[in-house]
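Everything below concerns the one structure shown next.
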Amino acid sequence: MGKKFNDLRRRSIAMLVSWRIIGGSLTAGIVYTLASLKYSAAETASIIFICQFTINALAYYVHERTWNMFSWGREVIADKTEVS
């Protein structure tokens, strides 16, 4: 059976901060790119929503998978079903 882990608060905070930087930067990039185009406010909002949802969803998946490769900020939970 695989090991079980518990994320420590410092890991959760680091993940939160790293995601907000990445997600916020991606959203800002989308808005910056669309700002110069001549769409109506409703069209711009719709395009931003679709792009932001799609791009950030994919980026979040990569972000989570990347964090799973590192053990920093994790502690192993003892399996109570194992026989000593």
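The values are calculated or read from the model by the stated rules, or taken from the named source; none is laboratory data. All values reported here derive from a predicted model rather than from experimental measurement. Heads up, the Cβs are rebuilt from the backbone with ideal geometry, glycines too, and the neighbour counts pull from every protein chain shown.
The set of residues from the stretch 36-52 being in a helix (DSSP H, G or I) and loosely packed, with under 10 Cβ neighbours inside 10 Å comprises 41, 42. Exactly one residue out of 64, 75 is in contact with a strand residue (DSSP E or B) (Cβ under 7 Å, 6 or more places away or on another chain) and surrounded by 10 or more Cβ atoms within 10 Å (Cβ to Cβ), and it is 75. Among the residues of the stretch 65-77, those that are in a helix (DSSP H, G or I) and either without any contact (Cβ under 8 Å) to a residue 24 or more places away in the chain or farther than 18 Å from residue 7 by Cα (or both) comprise 65, 66, 68.
Within the stretch 24-40, does at least one residue satisfy the condition of being in contact with a Cys (Cβ under 7 Å, 6 or more places away or on another chain) and at pLDDT below 95? Checked against the condition, which is being in contact with a Cys (Cβ under 7 Å, 6 or more places away or on another chain) and at pLDDT below 95, the stretch 24-40 yields at least one hit. Scan the stretch 2-19 for residues that are assigned to a helix (DSSP H, G or I) and without any contact (Cβ under 8 Å) to a residue 24 or more places away in the chain and the total you get is 4. A single member of 50, 55, 30, 22 is out of contact with any strand residue (DSSP E or B) (no Cβ under 7 Å at 6 or more places or on another chain), at negative phi and without any contact (Cβ under 8 Å) to a residue 12 or more places away in the chain, and it is 50.
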